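Visitor: What follows is a structure written as structure tokens; I'll ask about it next.
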Amino acid sequence: AAGVIQSPRHLIKEKRETATLKCYPIPRHDTVYWYQQGPGQDPQFLISFYEKMQSDKGSIPDRFSAQQFSDYHSELNMSSLELGDSALYFCASSLRSGVSYEQYFGPGTRLTVT
Amino acid sequence: DAKTTQPNSMESNEEEPVHLPCNHSTISGTDYIHWYRQLPSQGPEYVIHGLTSNVNNRMASLAIAEDRKSSTLILHRATLRDAAVYYCILYNAGNMLTFGGGTRLMVKP
């Protein structure tokens with residue numbers, strides 16, 4: 001079965017640079033979520049989209065923005081990168097109109113800011 | 001947000017059953033009880049969920065107390081591959097998952 005695809009899997013950037021992470025949800029899933037997981041921490045919700053509209057917003061810095069496109073893929077744009085942005089970034093998708101609403105996670109993008 | 005309480009860590013022997021407890025005394029009537037696990041260096045993985053009745057699937061069983069203030073995830077035969085952090089999360093449809101205070105399960109051969 002198709003899973004959530006994230007690219008790139010690894011990314012190294014310098015401070016003050018920008019980064020773009022991409023997420024391709026499971027086909028026919030209508031909701032995309034972004035989570036950030038710092039070293040030794042639990043995943044923290046950043047933002048979500050339902051049918052290409054922003055749905056919920058968590059602890060996402062103003063330097064970050066995200067959108068969902070007409071083909072349902074989503075991109076997380078991160079500017080003015082800081083050392084503290086080094087983390088694993090997970091994308092998840094779900095079918096909100098489904099019965100159980102479970103979220104399916106991608107393998108993550110490991111961002112290292114130097 | 002309704003919170004859950006889980007032990008920080010648990011240990012099990014391979015091929016033995018494991019019971020992972022979760023307390024959620026402030027659960028609301030519309031909250032589903034979801035369990036996810038995160039294996040090392042991987043994204044979280046959905047395990048099972050329930051509302052009021054006990055549930056079984058190919059991965060695990062979920063036993064829910066009659067008052068819904070606690071639940072137990074049951075792995076019938078732990079394998080080394082089950083070593084992970086297990087999160088008990090109260091969830092409403094379409095909302096974000098709030099991860100916190102999971103149980104790190106260690107499985108001994």
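Visitor: Would you mind computing the Rg to Rh ratio of chain B from its alpha-carbon coordinates, Kirkwood style for Rh?
Guide: Radius of gyration relative to Kirkwood radius: 0.94.
Visitor: Quantify how strongly other chains surround peptide B:45-56 by giving the mean number of their Cβ atoms within 10 Å of each of its Cβ atoms.
Guide: So the per-residue partner count for this stretch is 2.
Visitor: Mind checking the per residue accessible area of the protein assembly as shown for me, 1.4 Å probe, whole number of Å²?
Guide: Numbers: 11110 Å² over 223 residues.
On a per-residue basis, 50 Å².
Visitor: To continue, here is another question. Give me the one-decimal nm value for the distance between modelled label points at B:THR79 and A:LEU83, 7 Å along each residue's Cα-to-Cβ direction.
Guide: 4.2
Visitor: Rounding to the nearest 20 debye, state how big the charge dipole of chain B is about its Cα centre with +1 on each Lys and Arg Cβ and -1 on each Asp and Glu Cβ.
Guide: About 120 debye.
Visitor: Rounded to the nearest percent, how much of the accessible area of the range B:57-109 (1.4 Å probe, protein heavy atoms only) is carbon and sulfur?
Guide: With neighbouring chains kept in place, the figure for the range B:57-109 is 51 percent.
Visitor: Within the protein assembly as shown, count lysine pairs with alpha carbon atoms under 21 angstrom apart where the residues are 8 or more positions apart or belong to different chains.
Guide: 5
Visitor: Mind pulling up the Rg/Rh value for the protein assembly as shown? Radius of gyration and Kirkwood radius, both on Cα.
Guide: Value, to two decimals: 0.98.
Visitor: Relative contact order of the range B:56-97: what whole-number percent is it, with Cα pairs under 8 angstrom and at least 6 residues apart? Walk me through the numbers before you get to the answer.
Guide: Numbers: 24 pairs, mean separation 10.6, N = 42.
Answer for the range B:56-97 is 25 percent.
Visitor: If you don't mind, there's one more thing I want to ask. Do any chymotrypsin sites (Phe, Trp or Tyr not before Pro) in the range A:1-100 lie in a loop, going by DSSP, with at most 16 other beta-carbon atoms within 10 Å of their beta carbon, and if so which?
Guide: Those satisfying the criteria are A:PHE69.
Visitor: For chain A, what D do you get in µm² per second when you plug the Kirkwood radius from alpha-carbon pairs into Stokes-Einstein at 4 °C and 1.567 mPa s?
Guide: Result for D is 92 µm²/s.
Visitor: For B:ASN57 and B:SER25, what does the FRET efficiency come to when R0 = 22 Å and r is the distance between their Cβ atoms, rounded to the nearest 0.05? Walk me through the intermediate numbers first.
Guide: Numbers: r = 26 Å, r/R0 = 1.17.
Given R0 = 22 Å and the Cβ-Cβ separation, E is 0.30.
Visitor: Still on this structure, please answer the following. Answer with one residue from B:CYS88, B:PRO40, B:MET59: the one whose Cα lies farthest towards the positive end of the charge dipole of the protein assembly as shown, charges on Cβ with Lys, Arg +1 and Asp, Glu -1.
Guide: Value: B:PRO40.
The values are calculated or read from the model by the stated rules, or taken from the named source; none is laboratory data. Here the structure is a predicted model, which is why all the values come from computation and not from measurement. Heads up, the Cβs are rebuilt from the backbone with ideal geometry, glycines too, and the neighbour counts pull from every protein chain shown. Keep in mind that these areas ignore ligands, DNA and RNA; they rest on the heavy atoms of the full protein, side chains included. Shrake-Rupley method; radii C 1.70, N 1.55, O 1.52, S 1.80 Å.
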